[in-house]
Amino acid sequence: MTATRRIPPGPGEESVWDYPRPPRVEATSALVEVVLGGEVLARTTSALRVLETSHPPTYYLPVADFAAGALVPAEGSSVCEWKGRAAYLDVRGGGRVAARAAWHYPDPTPAFAVLREHVALYPGAMDECRVDGEVVRPQPGGFYGGWITSGVVGPFKGEPGTWGW
């Protein structure tokens, strides 16, 4: 990463290039909401943010803060070198199904045990995801689940030309 790539953060902003690797998990009291099919499926002020170099924050919401029936186990899994094996979930709301649009760590590594009973979602698969009322933009690239708000600057992994970062 050269200094010319990093966008300097302004007042009240964070640069994803100041996030650590391995990632850090921090609690947030921001109001986080998820909407699918016109229904608010989750609303919480108890989310966790996973912060990793070059990635916008990924929000993990408590399972208990989702509407009943909104999360349905789906096929497949993947492995994160830091967090462990992820299991996927379909997200259902308002007559819509977003297949494999969420994931969780049923048995996370000890360093990320706090993520147990929390779920992350791809914001681009939802009608919208909001942080304190602001509609987030999904992290580019389709593979990553970061939530871009006006308070975070990049460039972000997932944008064209960033695969090797």
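Observations
- Unmet requirement for residue 3, which otherwise passes all of (1) small (Gly, Ala, Ser); (2) more than 17 Å from the chain's Cα centre (by Cα); (3) at pLDDT 95 or above: (3)
- Of the residues making up the range 50-65, those that are touching a helix residue (DSSP H, G or I) at 6+ places or on another chain (Cβ under 9 Å) and either in a loop (DSSP other than H, G, I, E, B) or surrounded by fewer than 13 Cβ atoms within 10 Å (Cβ to Cβ) (or both) are 52, 53, 54, 55, 56, 57.
- Odd one out for residue 145, checked against (1) open to solvent by less than 40 Å² (accessible area, probe 1.4 Å); (2) part of a strand (DSSP E or B); (3) under 28 Å from residue 10 (Cβ atoms): (2)
- Unmet requirement for residue 68, which otherwise passes all of (1) at pLDDT 95 or above; (2) in contact with a strand residue (DSSP E or B) (Cβ under 8 Å, 6 or more places away or on another chain); (3) of a type in the set (Gly, Ala, Ser); (4) in a loop (DSSP other than H, G, I, E, B): (2)
- Every test in (1) crowded, with 20+ Cβ neighbours inside 10 Å; (2) assigned to a loop (DSSP other than H, G, I, E, B); (3) free of Cβ contacts under 8 Å to residues at least 60 places away in the same chain is passed by residue 91 save one, and that test is (2).
- Answer residue from the range 13-44, given it is in a loop (DSSP other than H, G, I, E, B) and open to solvent by 80 Å² or more (accessible area, probe 1.4 Å) and is farthest from residue 119 (Cα to Cα) among those: 21
- Complete set of residues in the range 72-87 that are open to solvent by less than 40 Å² (accessible area, probe 1.4 Å) and in contact with a Pro (Cβ under 8 Å, 6 or more places away or on another chain): 83, 84, 87
The values are calculated or read from the model by the stated rules, or taken from the named source; none is laboratory data. Just so it is clear, the model here is predicted, and its values are computed rather than measured. Reconstructed Cβ throughout: ideal geometry from the backbone, glycine too, with neighbour counts over all protein chains shown. Ligands, DNA and RNA are excluded from the accessible area calculation, which covers all protein heavy atoms including side chains. Shrake-Rupley method; radii C 1.70, N 1.55, O 1.52, S 1.80 Å.
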